[in-house]
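Input: a single structure, listed below in structure tokens.
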Amino acid sequence: MSKHIFSIEDNPNDIELIKRIFCRDIEGVEIKHIKSGEEALRMIASDDYFSEFPSLILLDIKMSGINGLDVLAEIKKSKKLEKVPVVILSSSVQQLDLERAYKLKVNSYIEKPKDYQQLKETVKLLVKYWLDTNKN
């Protein structure tokens, strides 16, 4: 049985890098990309959006339009998603973003590595921890 991760990310380059990591280095996990905060909010509001339920959500903060912190607030209000772990994977390390994310009950906040090899290792560790090691 395959596990599913939702990646909410609007940067096409980051989307391609993450797709490559999952395709080449992570077996048994399918990734679904949601390309904007607006699309994420439509997904959260929809009762029939989930053909496969996510085991983990990777969320960027700095997105045009609706940002990741606003999406996080809606995820944590949603009865169907409130217990799904959300990991912010963002280039923003501003203290205000960090504080707001934890007030909104993010499960983890990680600075997005700038180097592909580091990104690959970080994503692999995240998947291993949240899908294999962590019990929820």
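The values are calculated or read from the model by the stated rules, or taken from the named source; none is laboratory data. Predicted, not measured: the structure shown is a model, and the values here were computed from it. Cβ atoms come from the backbone with ideal geometry, glycine included; neighbour counts cover every protein chain shown. Surface areas here come from the heavy atoms of the whole protein model, side chains and all, with no ligands, DNA or RNA. Shrake-Rupley method; radii C 1.70, N 1.55, O 1.52, S 1.80 Å.
Of all residues in the range 1-21, those that are of a type in the set (A, V, I, L, M, F, W, C) and touching a Pro at 6+ places or on another chain (Cβ under 7 Å) total 2. In the set Asp97, Asp60, only one residue is farther than 21 Å from Gln117 by Cα, of a type in the set (D, E, K, R) and touching a Ser or Thr at 6+ places or on another chain (Cβ under 8 Å); that residue is Asp97.
Only residues that are without any contact (Cβ under 8 Å) to a residue 12 or more places away in the chain and within 22 Å of Lys128 (Cβ to Cβ) were counted in the range 1-15, giving 1. Exactly one residue among Ser92, Ser36, Ser51 is modelled with pLDDT of 90 or more and either small (Gly, Ala, Ser) or under 18 Å from His4 (Cβ atoms) (or both), and that residue is Ser36.
When residues in the range 21-70 are screened for being aliphatic (A, V, I, L, M), within 14 Å of the chain's Cα centre (by Cα), within 15 Å of Trp130 (Cα to Cα) and open to solvent by 10 Å² or more (accessible area, probe 1.4 Å), 2 of them pass. Among what's in the range 11-20 and is touching a strand residue (DSSP E or B) at 6+ places or on another chain (Cβ under 9 Å) and either closer than 13 Å to Gly65 by Cβ or not basic (Lys, Arg) (or both), pick the residue that is most open to solvent (accessible area, probe 1.4 Å). Only one residue fits best here, namely Asp14.
Restricted to the range 1-12, and to residues that are in a strand (DSSP E or B) and not small (Gly, Ala, Ser), which residue is farthest from the chain's Cα centre (by Cα)? So that I can check it myself, show each step before the final result.
The first filter runs over the range 1-12 and keeps only residues in a strand (DSSP E or B), leaving 3-8.
Then drop every residue that is not not small (Gly, Ala, Ser), which leaves 3-6, 8.
On the way: Lys3: 14, His4: 11, Ile5: 7, Phe6: 6, Ile8: 5 Å.
Result: Lys3.
Name the one entry in Lys135, Lys80 that is without any contact (Cβ under 8 Å) to a residue 12 or more places away in the chain and loosely packed, with under 15 Cβ neighbours inside 10 Å.
Working: Lys80 fails: without any contact (Cβ under 8 Å) to a residue 12 or more places away in the chain.
Residue meeting the stated conditions: Lys135.
Of all residues being crowded, with 18+ Cβ neighbours inside 10 Å and among the charged types (D, E, K, R) in the range 98-132, which is nearest to Ile61 (Cα to Cα)? Just the residue, please. That would be Lys112.
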